[in-house]
Amino acid sequence: MLKQSLAGAWKFRQSGTEEWLPANVPGGVHTDLLALGRIPDPFVGDNERRVAWVAQKDWEYARAFDVQPEAMQRGQIWLVCDGLDTLASLTLNGQPLGNTENMFRQYCWDVKSLLKAEGNELRISFASPVQYTAARQAVRPMMGVSQAIPGGPHLRKAPCQFGWDWGPQLPPIGVWKDIRLEAFDSVRLSEVHVRQLHADGAVTVEACLEVENWTPGLSALLQVTAPDGEVLTVSRELVSDDGNRLTLQVENPQLWWPNGFGNQPLYQVQVKLNQSEAVLDEKEYQLGLRTLELRQEPDEWGRSFTFVVNGLPIFAKGSNWIPADSFPTRISDAYLEMLIRSAAETHQNMLRVWGGGFYEEERFYDLCDRYGILVWQEFIFSCSVYPLDDPEFVENVHVEAVENIRRLRHRASLALWCGNNEMEWGWVDWGWKEPAVQALKSVYDNFFHHTLPAWCAAEDPDHTYWPSSPSSDTPFEAPNGQIQGDAHYWDVWHGRKPFTAYRDQYPRFMSEFGFQALPPLETIRTYAAESDWNMTSYIMDQHQKNASGNSLMVGQMLDTFQMPKNFEALVYLSLVLQAEGIRYGVEHWRRHTHRVSGTLYWQLNDCWPVASWASLDYFGRWKALHYAARRFYAPLMLSIEDAPPCQSIFISSDLREEWQGSVRWSLETLDGKVLASGEKATRVEPSGVTAVEKMDFSEFLNDDTRRELVFAVELWQSDKCLARQTAFFVPTKHLSLVDPQIDFDMTLKEGLLAIELSARSLARLVECSLSGADVIFSDNYFDLPAQKGITVTTPLPAGWDLARARAAFQTRSVHDTYAR
């Protein structure tokens, strides 16, 4: 098969106008207008509102091209569009090709009869998604999220692009994936299903083929290349157009493991369709050899919900993934890898590709395969009622589902198919009671509990289907229950409960929970002038999409901290507050891994610069939560269950072997005077939890001393301190904190800065930074007890020397937020 790309330089214009402008494909109207200076940056100030007109208009794209001579000699030439967003009408040399109405599908047309060797013109007319959905919504209203442009459920387009409680109302328009010509004579591979079958320590790699326009004399070759370069091949003659099966046995397979449990060796699989010596078509796949199941078995609390990889039960540690940019064609390979790598560097082993975005591109799943990140994959339905009683709508979804199941089913990273996000919960608790809407409840039931799982079973019998998140797997019964299934818990954020409320929850699998923070100040600078640096300013409100978000942040902040002295202090406190809240929940659930099998916090990333639940902001900057995740998702986690006057020490382990070491603890004054201390040898079973000790400090506490004390714990193995934790007897705002007088010594070795920090009194939640550089420290936002040195490292920024780094190094702690 010969492929000719049509990506690159195009032209575009607003429909009904005369002026053609240069464009880039893949791309979109917003990004093309922005590149030309025709619109302001939608991410700055309140420009989102100023560019709303773009999605309300119709647009045209066009490209002239010649056909490669070799392609013209082939019997068939198809125009292949991997992604058109969304309402497109195509013509080639003035002749209509067809229409599209689904951004998640590939569209193809036979264009051989319409092509010329030279001087072809392809035109794509895009209708406004906003006008389309408004017209449909006026005829038949569909329930959706309050932060979105109404009507989104009528169109197979990423729901969050119409707006969400963290995302702008900026629905893109354009060619968002590759577009090309594919030329072949007549025969090609129409479908390949690669599977792996494990038995007796070996793996059989199987490829089931379907051939379009089969003729006698065809053969197929299956080639598997191991990570060490060993090549296995098998070939056979094809006797029909389907049912052709090739198999290879891999002896002594190198198994693929989730991040933290082993390596991620990847085998390269090639399937070739041959006729005599000629290769007519070929497909390539990246394969990790592993077994995976979702184990749901009766136990004393109900029914488990545990992912099991290669026979090993895994505690899922991760977060929720949203589209990485409101304009997805701007996502570079390097940026995408940085996000996935940052998840892996914080010991995450699962991402939930949330149902309000889109099915990600191949490069996303390539990275998850490489970094050992399991993917909870949702179909694109979220928080809404959809017209699933419309046969044309359902058939459109059917094609979308089959295409994406076939595209992703071979992935080592794929863990689960999930029908939707929060729609079952919506039917149960969100007041979807209007008669016209209620009539769709049975339609929902049929689609997500019968139709969609049947499609999944037919196309991918190797992965579990789950109807909704959250769900108990019993339709419309306790979708957020604690007996079986997965749960979303939002009472701390939306319900304004304290962080201690997390300890009342024992879900079988916590797939969503979260707390907001502002982004770092350097990110706020990109959208708000200093004159707007106020939590209630107009511009700050434009970059807070949750209606009560800022007040919820400040309210919880004042439960924990004193009133910040200025805006910079408020930003810092919002960051550490978020980290403390999510830490509180995860540590609790990891202390109960016999009952809870995973936590996925909301959310990993942002699609624009905004106040949100993300741990990585839009520019990839690590917020305090992301540093906290590196500690609370560590394979060996030290935690303290604080219930003053009692403090209990726990160690939670993901390790596959027993761990032995010791715990050292001390009850100290804030300035470092030790009142009591101890050390205890301890062990933790593989994937186990050890309750080390519970201590009652009542004899040391009164109304005055409780404000002066800190309980400090360290985890040691031999002569190395592996982890530190602190706990207190009053909220941080009531601690008798004084200026900690943080001191540091900085050295440089082989491009790595080492900064040894010390303090004369407890420094609470120390933030380290290098002014003028974005760097990632080995640790950050940590407590620094008095008289105890802590060393952090970071790579020296390019072009810097040690003197510049010393001058740029800064610290901040909670005490610095006080007005004095």
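The values are calculated or read from the model by the stated rules, or taken from the named source; none is laboratory data. Predicted model only: the values in this text are computed from it and were never measured. Neighbour counts are summed over all protein chains in view; Cβ atoms, including those assigned to glycine, are modelled from backbone coordinates with ideal geometry. Side chains are part of the model used for accessible areas, which takes the heavy atoms of the whole protein and leaves out ligands, DNA and RNA. Shrake-Rupley method; radii C 1.70, N 1.55, O 1.52, S 1.80 Å.
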Exercise. Per residue, how much accessible area does the stretch 245-317 have with a 1.4 Å probe, in Å²?
Worked result: 46 Å²
Problem set entry | By average C-beta atoms within 10 angstrom, highest first, the peptides 32-42, 663-673 | 663-673, 32-42
Exercise. Is the shape of the stretch 771-820 rounded, prolate or oblate, going by the alpha carbon gyration tensor and its root eigenvalues a ≥ b ≥ c, with a/c under 1.5 for rounded and a/b larger than b/c for prolate?
Worked result: prolate
Problem set entry | Rg followed by Dmax, in Å, when the stretch 721-772 is reduced to its Cα trace | 14.3, 43
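On a 1.4 Å probe surface of the protein chains, which of Leu97, Leu748 comes out largest in accessible area, and what is the full order? Before the final figure, lay out the partial values.
Working: Leu97 30, Leu748 75 Å².
From most accessible down to least: Leu748, Leu97.
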Exercise. When only C-alpha pairs under 8 Å and at least 6 residues apart count, what is the relative contact order of the stretch 239-321, in percent?
Worked result: 19 percent
For this session: Keeping the other protein chains in place, figure out the carbon and sulfur percent of the accessible area of the stretch 169-210, with a 1.4 Å probe.
Result: 39 percent
Exercise. To the nearest 10 square angstrom, what accessible area does Asp460 show with a 1.4 Å probe?
Worked result: 0 Å²
Exercise. What accessible area, in Å² to the nearest ten, does a 1.4 Å probe give for Lys565?
Worked result: 110 Å²
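Quick one: which of 322-328, 698-704, 103-109 comes out on top by average Cβ neighbours within 10 Å, and what's the full order, highest first?
Result, highest mean first: 322-328, 103-109, 698-704.
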For this session: Quick one: accessible surface of Thr247, probe radius 1.4 Å, all protein chains present, in square angstrom to the nearest 10.
Result: 50 Å²
Seminar exercise, completed: A 1.4 Å probe over the protein heavy atoms gives the stretch 579-633 a carbon and sulfur accessible-area percentage of 50 percent
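Going through the DSSP H helices of the chain, which span 15 Å or more along their own axis at the Cα atoms while scoring at least -0.5 as a mean Kyte-Doolittle hydropathy? List each step's numbers first, then the result.
Working: long enough: 129-139 (16 Å, -0.12); 333-345 (17 Å, 0.18); 391-408 (25 Å, -0.28); 549-560 (17 Å, 0.23); 567-590 (34 Å, 0.31).
Those that pass (Cα extent of 15 Å or more, hydropathy at least -0.5) are 129-139, 333-345, 391-408, 549-560, 567-590.
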For this session: Just need the relative contact order of the stretch 404-482 here, percent rounded to a whole number, with Cα pairs under 8 Å and 6+ apart.
Result: 46 percent
For this session: Provide the packing ranking of 603-615, 282-294, i.e. peptides ordered by the mean count of other C-beta atoms within 10 Å per residue, highest first.
Result: 603-615, 282-294
Exercise. What trypsin sites (Lys or Arg not before Pro) in the stretch 686-794 are in a loop by DSSP, with at most 16 other Cβ atoms within 10 Å of the Cβ?
Worked result: Arg760
Problem set entry | Residues of type lysines that Lys283 reaches as a straight line, Cα spacing below 24 Å, ignoring anything fewer than 8 places off in the same chain | Lys3, Lys112, Lys177, Lys272
Exercise. Which whole-number percentage describes the relative contact order of the chain, with Cα contacts under 8 Å and a sequence gap of 6 or more?
Worked result: 9 percent
For this session: Would you work out if the stretch 425-509 is rounded, prolate or oblate? Take a ≥ b ≥ c from the square roots of the eigenvalues of the alpha-carbon gyration tensor; rounded if a/c is under 1.5, else prolate when a/b is larger than b/c, oblate otherwise.
Result: oblate
Exercise. With the other protein chains left in place, how much accessible area per residue, in square angstrom, belongs to the stretch 662-820 at a 1.4 angstrom probe?
Worked result: 50 Å²
Exercise. Among Gln286, Thr523, Thr451, which residue has its Cα positioned farthest towards the positive end of the charge dipole of the chain, with +1 placed on the Cβ of Lys and Arg, -1 on the Cβ of Asp and Glu, and the dipole taken about the Cα centre?
Worked result: Thr523
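With a probe of 1.4 Å, find how much accessible area the stretch 158-204 has per residue, and write the answer as a whole number in Å².
26 Å²
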Exercise. What are the lysines whose alpha-carbon lies under 20 Å from the alpha-carbon of Lys623, with same-chain residues fewer than 8 places away excluded?
Worked result: Lys317, Lys545
Exercise. Which value at 222 nm does the chain reach when only helices count, each DSSP H run of 4 or more adding -39,500 (n - 2.57), with the total divided by all residues and rounded to the nearest 500 deg cm²/dmol?
Worked result: -5500 deg cm²/dmol
Seminar exercise, completed: So the carbon and sulfur contribution to the accessible area of the stretch 651-720, 1.4 Å probe, in percent, is 42 percent
